[in-house]
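Written out below as structure tokens is the structure these notes cover.
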Amino acid sequence: MSFIRSKNKNLIYPGLLWFFIFFLLPLSVILIYAVTTRNLFSGEPLEFTFKNFAVIFQKKHYLIILLRSLKISFLTTIFSIIFSYPVAYYLAKRTRFDKALIVVLMIPFWINYLIRTFAWKLILSENGVLNQFLLWLKVIDEPVRILYSQTSVLLGLIYMYTPMMVLPLYASLLRIDDSLIEASLDLGASRIRAFFDITFKLSLTGIFAGTLLVFIPALGSFAIPAILGGTDSVMIGNIIENQFSRVGNWNFGSAFTVALAILSIVLVLFYSKIFGLESIYKNRGNI
Amino acid sequence: MKNKKSAILTIYTALFFLYIFIPIILIFIFAWNSGEGYSFPLKGFTWRWFAELASDRLAKEAIRNSIIIALSSATISTVLAILLSIGLLKGPARRTGVFLTLLILPVLMPSLAIGIAALVFFRTINIPLGIPIVIVSHVSISMSYVFLILMGRIEGMPLDLQEASVDLGATWFSSVKDIIFPILIPAIIAGWLFAFMISWNEFIITYFLIGGNTTLPVYIFSQLRFGISPKVNVISVLVTLFTLSVIAILLASRKIYNKILMKERG
């Protein structure tokens, strides 16, 4: 009954058309801006150039920001793995209430992230909750300045994206057959060795899927550094925003944006090459 | 030995959940605190900030715009995603992988890149910024999420059901309407609510495309930049309570639907 399949197929066109016109076409347009010098449709002849990209690497100022963004996003990812691993392990192996706890874990995810970032401002400011608490404990004598630094941006990003790491990690740990670990223990492996040789290795899919969900949005963040950061914590996102809302150099701004988009696409392709695309879908957890 | 280890893990997990919720708890506390600043000890209980918000015209306009955008984008994206999921997963299996790779891009690409691309695109073809193009761009993203949710449901559904109904004399249209559609309903409800929440919380894309208008997240962002009034806490409390009720409805509707299904099956 292949006629049913071929009739069903026609249903893809409205969505596909929407996707091409309003998603892929805009991406192609900024790609054109990124490799040309003038405004598109301004009537002037277009000139092909890589100059916009070269500026990113030539100007020290931009290179520093690019490297800093990569560093901050990398650290965010590492800390999110460390913080979320025990939680994911507990949810997958040590409790029967895992489904309910994951629903609870997702609640803050639905509360506007600007609001949660604002809460961090309350916690980290000079007379904020953290400082008052430490003063009260007498750990410190005078308030520490944390807000408006790279540390506060990093703390904000870790807070925001760690739950995104828990989900795929939990999903990958859940699939591990406990009898594998028992067998290795029976064969004389220590608990530590069994953990690293079996559990950890088999959870790598989850770690990589989580890395996509943490690293990419962290790299593209602009509201968190804008709210929690200072002059030493400007990230790529802030540069891009600045180009479009103030400076108005669309060609250069587009080059930066395209670089960000390409980097994320490369990461996704790299991941799907190793683990297969289906595992992204499988590891998406409970969304 | 094992129990001790489990205890440490349990405590750690409890602390982790506390860490995730502390910012939200603080926001709630300061929404009713009568002092201007954000410090302990608390000054006293007040409804003042609620009253101030109620008289803030811009905030109310922002809430109204956010609702309009979320309702329309969720509805459009759900319709498109339903058609897309049936066509792609119950159609001929050729090139499905390519489409799946493309459709996951809006989920995995930074919103900043999507927002900038939309801004440049609409300005280039001379379409003015504002609510309509925010809706259009929200649909491009939420369509993929709804598709992912529907996919989970539709993959497990065998094509035989649809084939059997056609064998028994149903038209193709009614086989989709009366067989596939009802099976998808729980996923459609979940997908629509998900799309609504994505749009409701979306800030970055909206920020670039909204032009002279405002939405709730854009309003909150502007408030955060120009000093912090406890009014922002009140908005947060209201938004949080709204979100929690949406989640509750989602969970309840799933339970009720399953119950009805159980009853029908006897």
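The values are calculated or read from the model by the stated rules, or taken from the named source; none is laboratory data. Since we're looking at a predicted model, the values are computed, not measured. Ideal geometry is used to build each Cβ from the backbone, glycine not excepted, and the neighbour counts take in all protein chains shown.
Candidates in the stretch B:15-36 are the residues that are assigned to a loop (DSSP other than H, G, I, E, B) and surrounded by fewer than 14 Cβ atoms within 10 Å (Cβ to Cβ); of these, the one that is nearest to the other protein chains (Cβ to nearest Cβ) is B:GLU36. Is it the case that some residue within the stretch B:232-246 is farther than 23 Å from B:PHE21 by Cα and either in contact with a helix residue (DSSP H, G or I) (Cβ under 8 Å, 6 or more places away or on another chain) or assigned to a loop (DSSP other than H, G, I, E, B) (or both)? No, the stretch B:232-246 contains no residue that is farther than 23 Å from B:PHE21 by Cα and either in contact with a helix residue (DSSP H, G or I) (Cβ under 8 Å, 6 or more places away or on another chain) or assigned to a loop (DSSP other than H, G, I, E, B) (or both).
Among the residues making up the stretch A:236-265, those that are modelled with pLDDT of 90 or more and farther than 17 Å from A:VAL29 by Cβ are A:ILE236, A:GLY237, A:ASN238, A:ILE239, A:GLU241, A:ASN242. Each residue in the stretch A:150-195 was checked for being within 21 Å of B:THR13 (Cα to Cα) and either in contact with a strand residue (DSSP E or B) (Cβ under 9 Å, 6 or more places away or on another chain) or among the aliphatic types (A, V, I, L, M) (or both), and 14 of them qualify. Among the residues of the stretch B:37-47, is any outside any helix (DSSP H, G or I), in contact (Cβ under 8 Å) with a residue 24 or more places away in the chain, surrounded by 12 or more Cβ atoms within 10 Å (Cβ to Cβ) and not small (Gly, Ala, Ser)? Yes - at least one qualifying residue is present in the stretch B:37-47. If only residues of the stretch B:117-140 that are under 21 Å from the mean Cα position of the chain (by Cα) and facing chain A (nearest Cβ under 8 Å) are counted, the one that is surrounded by the fewest Cβ atoms within 10 Å (Cβ to Cβ) is B:VAL136. Tallying residues that are more than 14 Å from B:VAL136 (Cα to Cα), among the aliphatic types (A, V, I, L, M) and at the interface with chain B (Cβ under 7 Å from one of its Cβ atoms) within the stretch A:17-33 yields 3. Scanning the stretch A:39-89 for residues that are modelled with pLDDT of 85 or more, within 12 Å of chain B (Cβ to nearest Cβ) and either surrounded by fewer than 19 Cβ atoms within 10 Å (Cβ to Cβ) or closer than 30 Å to B:SER6 by Cα (or both) yields A:SER80, A:ILE82, A:PHE83, A:SER84, A:TYR85, A:PRO86, A:VAL87, A:ALA88, A:TYR89. Candidates in the stretch A:119-160 are the residues that are among the aromatic types (Phe, Trp, Tyr) and within 12 Å of chain B (Cβ to nearest Cβ); of these, the one that is surrounded by the most Cβ atoms within 10 Å (Cβ to Cβ) is A:TRP120.
For the stretch B:141-173, the tally of residues that are under 18 Å from the mean Cα position of the chain (by Cα) and at pLDDT 85 or above stands at 11. Out of the residues in the stretch A:191-235 meeting the condition of being part of a helix (DSSP H, G or I) and aromatic (Phe, Trp, Tyr), tell me which one is surrounded by the most Cβ atoms within 10 Å (Cβ to Cβ). Going through the qualifying residues, I end up with A:PHE215.
Note on the stretch B:152-170: residues that are surrounded by fewer than 20 Cβ atoms within 10 Å (Cβ to Cβ) and touching a helix residue (DSSP H, G or I) at 6+ places or on another chain (Cβ under 9 Å) amount to 12. Of all residues in the stretch B:81-102, those satisfying the criterion of being part of a loop (DSSP other than H, G, I, E, B), under 19 Å from B:GLY156 (Cβ atoms) and at the interface with another protein chain (Cβ under 7 Å from one of its Cβ atoms) are B:LYS90, B:GLY91. One residue stands out among those in the stretch B:80-116 that are of a type in the set (S, T, N, Q) and crowded, with 19+ Cβ neighbours inside 10 Å: the one that is farthest from the chain's Cα centre (by Cα), which is B:SER85.
For the stretch B:217-238, the count of residues that are hydroxyl-bearing (Ser, Thr, Tyr), buried (at least 19 other Cβ atoms within 10 Å of the Cβ) and within 30 Å of B:ILE82 (Cβ to Cβ) is zero.
Can you spot a residue in the stretch B:181-197 that is outside any helix (DSSP H, G or I) and more than 26 Å from A:TRP110 (Cβ to Cβ)? The answer is no, given that none of the residues of the stretch B:181-197 is outside any helix (DSSP H, G or I) and more than 26 Å from A:TRP110 (Cβ to Cβ). Residues in the stretch B:48-64 that are touching a helix residue (DSSP H, G or I) at 6+ places or on another chain (Cβ under 9 Å), exposed (fewer than 14 other Cβ atoms within 10 Å of the Cβ) and not aliphatic (A, V, I, L, M): B:LYS60 only.
Within the set B:THR215, B:THR243, the sole residue that is within 12 Å of A:ASN112 (Cα to Cα) and within 13 Å of chain A (Cβ to nearest Cβ) turns out to be B:THR243.
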